[in-house]
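Here is the structure we will look at, set down as structure tokens.
Every number in this text was worked out from the coordinates using simple rules, so none of it is lab data. It should be emphasised that the depicted structure is a prediction, and the values quoted were computed from it without experimental measurement. Ideal geometry is used to build each Cβ from the backbone, glycine not excepted, and the neighbour counts take in all protein chains shown.
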Amino acid sequence: MNDSKNHLLIDACFGREVERTPVWIMRQAGRYLPEYRAIRADHDFMTMCKTPELVTEVTLQPVDIIGVDAAIIFSDILVIPEAMGMELQFVKGKGPWFPSPLREAADVNNLRLVNAEEDLKYVMDAVKMLRGELNDRVPLIGFSGAPWTLAAYMVEGGGSKNFKTIKSWRWSRPDLLHTLLRKITDAAVDYINAKIDAGAQVIQIFDSWAGLLDEEGYQEFALDYASEIIARTRRPEVPMIYFAKGAGIWLDRTVECGADVIGLDWTVNIETARQATAGKASLQGNLDPTALYADPKEIRQWTRDMLRAFGGRGHVANLGHGILPDIPVDHARAFVDAVKEESLKLNPTPSI
Ligand code: 1CP
């Protein structure tokens, strides 16, 4: 239970002193691992998400294979819209897809209230199974999509080039957008609380499309709802991470959301981020995911520079967004090893 490794991430999230910087990678369970592809070849994506044994197996893969300091439950942010009644398909080569995206007020009104313990029981079963299998080797991160980002997928139907439908709702149908965001927020709160009750030890909220917005829109349609989720799911020993991609220029606002950790994408200057957040939260990130295409010697160099810029305490090492599917496994491991070894030099164990 008190394995120090297990506490490394949690301590860093809370800004406590740690002997080295913890590291995990967004999308660490995924296609860059041959072991993942082997399982995926035999199962479709949602079947995997709904089978706790398979979730457990692929969630543990990066812990065993590249040595990250946390497991993040294998699932997807889009399980919430599905639980709200939207049909979700995964189209090969195209990604997730809602064949009937939200178009009218009636579509929003017809969305179901979510009871996560029942409707998303398969996630809770996987969390429980994982905690047993992990046996406190590393902590388990649970996650949710943020309301704005989920709304973007629900209204567009999938990934989009310019997200013009959801962006037009922000300007011409703000009341309808608020009605939708309110429903998603209530679902996400229930979902996160159920995940914590099932055993998730850290929570990350993904706001992958925050950067689509203007500053006022970011506050009103993204940040205020994320802040509400954090307030309504907060537990004393469960750190909350808020990752709003593309929102680095509004860090002075973001840091007020109540999260223990603010996730940074690679566009954010680390020194500027430290000044804007002024020690009010720990920081996570932020090496450019494409840096991992370079050779391991260079990966180490850039990782060392990044660690120095963050300065040790209050830092969770990660990439600035998810790992790309064609990154060599050795390069992912080089990043993890570099964090572990180089941060030790940064934070020498205090001699007693
Ligand atoms: O083909 C495959 O094998 C499926 C690819 C895949 C994977 C591995 C998808 C489809 N989702 C996932 C898993 C996933 N998704 C995790 C697993 C845990 C881990 O990190 O190891 C997580 C945390 C997510 C979260 C997620 N899904 C986000 C937020 C993070 C981010 O990347 O910004 C988003 C935006 C999604 C939607 C989604 N799901 C899958 C894809 C390809 C996408 C992006 C679609 C798009 O915008 O075009």
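When the chain is treated as a GNM with alpha-carbon contacts under 10 Å, the residue of S227, S144, S172 showing the greatest mean-square fluctuation is S172.
For the range 8-346, relative contact order (Cα pairs under 8 Å, six or more residues apart, normalised by length) works out to 23 percent. When the chain is described by a simple charge dipole with +1 on each Lys and Arg Cβ and -1 on each Asp and Glu Cβ, the residue from P139, W171, M86 located farthest towards its positive end is W171. Only lysines eight or more places from K161 in sequence, or on another chain, were considered; those with a Cα closer than 24 Å are K92, K94, K245. A194 sits among other residues whose Cβ lies under 10 Å from its own Cβ, and their net charge, with Lys and Arg +1 and Asp and Glu -1, is -3. When both the range 301-332 and the range 145-201 are represented by their alpha-carbon centers, they are found 28 Å apart. For a paramagnetic label modelled on W171 (point 7 Å from Cα along Cα→Cβ), amide N atoms under 12 Å away belong, within the range 209-224, to 214. Determine the shape class of the chain: with a ≥ b ≥ c the square roots of the Cα gyration tensor eigenvalues, call it rounded for a/c under 1.5, and otherwise prolate if a/b is greater than b/c, oblate otherwise. It comes out prolate by the Cα gyration axes. Between the range 207-258 and the range 39-85, the C-alpha centres lie 25 angstrom from each other.
Rounded to 0.05, the FRET efficiency of the A309 and A278 pair, given R0 = 22 Å and the Cβ-Cβ distance, is 0.85.
Computed about its Cα centre, the charge dipole of the chain is approximately 360 debye, with only Lys, Arg, Asp and Glu carrying charge at their Cβ. With both labels modelled 7 Å from their Cα along Cα-to-Cβ, the Y122 to E237 distance reads 3.2 nm.
The slack between H43 and E133, meaning 0.36 nm per residue of separation minus the straight C-alpha distance, is 30.2 nm.
Take every pair of alpha-carbon atoms less than 8 Å apart whose residues are at least six positions apart; their mean separation over the length of the range 14-99 yields a relative contact order of 24 percent. When the helices of the chain are scored as -39500 (n - 2.57) per DSSP H run of n ≥ 4 and the total is divided over every residue, the value at 222 nm lands at -13500 deg cm²/dmol.
Inter-label distance, E35 to R16: 2.9 nm, where each label sits 7 Å from its Cα along the C-beta direction.
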